[in-house]
Amino acid sequence: MLNQQPNLDLMFQALADPTRRAMIDRLSRGPASVSELAKPFAMSLPAVVQHLQALENSGLVTSQKVGRVRTVQIQPDTLSLAEQWINDRRTAWSRRLDRLGDFLAETADEPQP
């Protein structure tokens, strides 16, 4: 798990931006060209490419150039690393809260001095 930490950092940094999350949402429906991904955003093509580079550097997407068209697709296996990290934390906190609930229930039954 320690070897995956830098990738998680890059993933969470990439996903912190709403534009990049919107691109990931679009790519979850299938591959798209860079110009297709750029359409909904009021920004220059170089700015879109910078966002895509951040996503690609994090491992969340890959791109392939065929002729003059660069096509981008999501990498679901990489995204599942972030999901697993979140689920591990959720499980740990659920256990802690369950123990706290048990403790509070036990102490509530005890007579008060």
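The values are calculated or read from the model by the stated rules, or taken from the named source; none is laboratory data. Not measured: the values here are computed from a predicted model. Cβ: placed from backbone, ideal geometry, glycine included. Neighbour counts: every protein chain shown. Heavy atoms of the whole protein, side chains included, go into the accessibility calculation; ligands, DNA and RNA do not. Shrake-Rupley method; radii C 1.70, N 1.55, O 1.52, S 1.80 Å.
When the criteria are applied in full, ARG29 meets the requirement of being open to solvent by 30 Å² or more (accessible area, probe 1.4 Å), under 12 Å from ILE74 (Cβ atoms) and without any contact (Cβ under 8 Å) to a residue 24 or more places away in the chain. Scanning for something of a type in the set (Ser, Thr, Tyr) and not in a loop (DSSP other than H, G, I, E, B), does region 11-27 turn up at least one residue? Yes; the residues of region 11-27 include at least one that is of a type in the set (Ser, Thr, Tyr) and not in a loop (DSSP other than H, G, I, E, B). Residue count for region 32-50, restricted to those that are assigned to a loop (DSSP other than H, G, I, E, B) and either open to solvent by less than 30 Å² (accessible area, probe 1.4 Å) or among the aromatic types (Phe, Trp, Tyr) (or both): 1.
Only one of the listed residues (GLN53, GLN73) is open to solvent by 50 Å² or more (accessible area, probe 1.4 Å), in contact with a strand residue (DSSP E or B) (Cβ under 7 Å, 6 or more places away or on another chain) and either not in a helix (DSSP H, G or I) or not acidic (Asp, Glu) (or both). That residue is GLN73.
Within region 65-89, residues that are touching a residue at least 24 places away in the same chain (Cβ under 8 Å) and more than 23 Å from ASP9 (Cβ to Cβ) reach partners that are open to solvent by less than 60 Å² (accessible area, probe 1.4 Å) and of a type in the set (A, V, I, L, M) with beta carbons closer than 9 Å, at six or more positions or on different chains, in the pairs VAL69/VAL34; ARG70/VAL34; ARG70/VAL49; ARG70/LEU52; THR71/ALA32; THR71/VAL34.
Looking across region 49-79, the residues that are closer than 15 Å to ASP25 by Cα and of a type in the set (A, V, I, L, M) come down to LEU52, LEU55, LEU60, VAL61, VAL72, ILE74, LEU79.
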